[in-house]
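Every number here is computed from the coordinates shown, using simple stated rules; none is lab data. Predicted model, so just to flag it, every value in this text is computed and none were measured. Quick reminder, even Gly has a Cβ in these numbers, built from the backbone with ideal geometry, and neighbours come from all protein chains shown.
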Amino acid sequence: MEKMICQGCGAEIQTEDQSAPGYAPASALQRTEIICKRCFRLKHYNEVQDVDLTNDDFLEMLNQIGEANGIIVKIIDIFDFNGSFIQGLPRFTGNKPILLVGNKVDLLPKSVNPNKVKQWMRKSAKDQGLKVTDVHLVSAKSGEGMQDTANAMDQLRKGQDVYVVGCTNVGKSTFINHLIHSSTGEKEAITTSYFPGTTLGFIDIPLDDSSSLFDTPGIINHHQMAHYVSRNDLKQITPNKEVKPKTYQLNENQTLYIGGLARLDFEKGERHSFVCYFSNDLLIHRTKLENADELYEKQVGDMLSPPDEETRSQLPPLKAQSFYVEDGKTDIVFSGLGWITVPEGGVSITAHTPEGVRVSLRSSLI
Ligand code: GDP
């Protein structure tokens, strides 16, 4: 095939990989002006879409943002803070104001205190080297919190540009599409800006005569649980409505399996109720610690599912990490899955997750 370039973003046109830059269906190659599917959606539907990015493109993109003037809006998925955090970002942000937006707030049980979520987001960002100016919670899907966030963005930017960054799957496209459709601005004016050196353009959404909001390509974090599981399993582990807490009374030396994707051993402490916050479709199974390994060997993929067969062929083995919960109500967070609340301290636990998927502790959100 002769080399063709997308007239919108400058990516080389290809017809093989739908999620890679420059994808266009074969039928589109007949047209005189060839644009990729991403630019087509943008031009005709004012919709932004995500594509995969190589590491070089990613670094180049951060460089471009680092050199530009403006503010950064960083979107994370509150069910997957660690998995959806862009590791390299703090090195490039300089003194730019950063608005941290936690998306998918509609999934949190109503009993969760939003201020505690924001405090935890701010602290987790700081622990990873990112000092944020402001923190907001939204549901890009339902629109909750979107107007407040748009107002905060406007105040903070003081007439400058806005760069929206985020990993794939955090809801960045949904967030931006919501902003586009709720603004009364001239929709036709949305274009892609081709930044030299990158395969991909930033999508340029004018905010006023002299400034724009830029949608940057979504970044893939390879240690995200989402990348290890099949499409079917991803559907099962991703909550799609408000999470219903499930409570288990545990004595020491008992284990909880979260499907067959993660496990929590309660090794030492008084009898306690452990409260689980995961997708309502994800089955939890209690067993004795001494039987836990054998159960996994026999039942993974059956009673302990997901993982399905496809996931099992690519999932790294479970790796154990031990913690001592000193005091206070504490959440044990399984990145990309959910969390388990331990009601008080004096508890020794071991968490098992596929190697690379992070487990962390935080002061309880409830
Ligand atoms: P992107 O890869 O960051 O652009 O993410 P998308 O906008 O494509 O969204 C990823 C997935 O998250 C989709 O299945 C969306 O429907 C879902 N999603 C996005 N925003 C929300 C939200 O506020 N709440 C919930 N429950 N799901 C959301």
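Around Phe214, what is the net charge, scoring Lys/Arg as +1 and Asp/Glu as -1 over all other residues with Cβ under 10 Å from its Cβ? All intermediate terms of the calculation are to be shown ahead of the outcome.
Values: positive: none; negative: Asp161, Asp204, Asp215.
The answer is -3.
To the nearest 10 degrees, how steeply does helix 146-157 sit against the main Cα axis of the chain, on a 0 to 90 scale?
That helix lies at roughly 60 degrees to the long axis.
So between Asp327 and Ser183, what do we pick up on full extension, going 0.36 nm a residue minus the alpha carbon distance? Could the numbers behind the result be given before it?
Numbers: separation 144, 0.36 × 144 = 51.84 nm, distance 4.71 nm.
That pair, Asp327 and Ser183, stretches by 47.1 nm at full extension.
Over the chain, what portion of Cα pair distances is larger than 38 Å, expressed as a whole percent?
Within the chain, distances greater than 38 Å cover 23 percent of Cα pairs.
I'd like the trypsin sites (Lys or Arg not before Pro) in segment 59-167 restricted to DSSP loop residues with at most 10 other Cβ atoms within 10 Å, sorted by number. Don't skip to the end; give the middle numbers.
Values: sites: Lys74, Arg91, Lys104, Lys110, Lys116, Lys118, Arg122, Lys123, Lys126, Lys131, Lys141, Arg157, Lys158; in loops: Lys104, Lys110, Lys131, Lys141, Lys158.
Here the sparse-neighbourhood loop sites are Lys110, Lys158.
List the cysteines of the chain that have no other Cys Cβ closer than 4.7 Å: which are they?
Cysteines lacking a close Cβ partner in the chain: Cys9, Cys39, Cys167, Cys276.
Between Ile366 and Glu2, what is the FRET efficiency for a Förster distance of 51 Å, r being their Cβ-Cβ separation, to the nearest 0.05? Don't skip to the answer; put the middle values down first.
Numbers: r = 60 Å, r/R0 = 1.17.
Rounded to the nearest 0.05, the efficiency is 0.30.
So for segment 236-316, Kirkwood radius off the Cα pairs, Stokes-Einstein at 10 °C and 1.306 mPa s: how many µm² s⁻¹?
On the way: Rh = 13.3 Å.
For the chosen part, D equals 119 µm²/s.
Of Phe40, Gly259, Thr330, which is farthest along the charge dipole of the chain in the positive direction, counting Lys and Arg as +1 and Asp and Glu as -1 at C-beta?
Going by the Cα projections, it comes out as Thr330.
On C-alpha positions alone, give me the angle between the axis of helix 289-299 and the longest principal axis of the chain, in degrees, nearest 10.
Between the helix axis and the principal axis of the chain, the angle is about 50 degrees.
Non-local amide H neighbours of Ser230 (under 5 Å, H modeled in plane, Pro and chain starts lacking H): which ones?
Asp308, Thr311
How far apart, in nm, are two points set 7 Å out from the Cα along the Cα-to-Cβ line at Asn151 and at Lys319?
4.5
Taking the Cα centre of the chain as origin and charging only Cβ (+1 Lys, Arg; -1 Asp, Glu), how large is the dipole, in debye to the nearest 20? Kindly include the intermediate steps, with their values, before the conclusion.
Working: 38 positive and 47 negative charges, 175 e Å.
For this selection, approximately 840 debye.
If you average the C-alpha positions of segment 85-124 and of segment 288-330 separately, how far apart do those two centres end up, in angstrom?
Spelled out, the Cα-based centre of one part sits 28 Å from the other.
Can you compute the modelled spin-label distance between Leu59 and Gln30, with each label point 7 Å from Cα toward Cβ, in nm?
4.4
Toward the positive end of the charge dipole of the chain, about the Cα centre and with charges on Cβ (Lys, Arg +1; Asp, Glu -1), which of Gly88, Ser348, Ala28 goes farthest?
Farthest towards the positive pole: Ser348.
Can you give the FRET efficiency to the nearest 0.05 for Glu294 and Ser142, using r as the Cβ-Cβ distance and R₀ = 45 Å?
Rounded to the nearest 0.05, the efficiency is 0.55.
Could you tell me how many degrees, from 0 to 90 and to the nearest 10, lie between the Cα long axis of helix 55-67 and the main elongation axis, the longest principal axis, of the Cα atoms of the chain?
Once rounded, the angle reads 70 degrees.
With charges set only on the Cβ (+1 for Lys and Arg, -1 for Asp and Glu), what does the dipole of segment 1-45 come to about its Cα centre, in debye to the nearest 20? Present the calculation step by step, with values, prior to reporting the outcome.
Details: 6 positive and 5 negative charges, 49 e Å.
Using Cβ point charges on Lys, Arg, Asp and Glu, segment 1-45 gives about 240 debye.
State the Cα centre-to-centre distance between segment 342-366 and segment 1-79 in whole Å.
Segment 342-366 and segment 1-79 have Cα centres separated by 38 Å.
Beyond a 23 Å Cα-Cα separation, which of these cross-linked pairs lie in this structure: Lys110/Lys158; Lys118/Lys268; Lys246/Lys288; Lys74/Lys141?
Working: Lys110/Lys158 34 Å; Lys118/Lys268 31 Å; Lys246/Lys288 19 Å; Lys74/Lys141 17 Å.
Table pairs above 23 Å Cα-Cα are Lys110/Lys158; Lys118/Lys268.
Would you work out the charge dipole size for segment 230-366 about its Cα centre, treating the Cβ of every Lys and Arg as +1 and the Cβ of every Asp and Glu as -1, and quote it to the nearest 20 debye?
380
Build a GNM of the chain with springs between Cα atoms under 10 Å: which of Gly259, Gly346, Gly83 gets the top mean-square fluctuation?
Most flexible of the set in this elastic network: Gly346.
For a quick check of your reading of the filter: which trypsin sites (Lys or Arg not before Pro) in segment 215-248 sit in a DSSP loop and have no more than 16 other Cβ atoms within 10 Å? Before the final figure, lay out each step's value.
Values: sites: Arg231, Lys235, Lys241, Lys246; in loops: Lys241.
Loop-located and lightly packed - Lys241.
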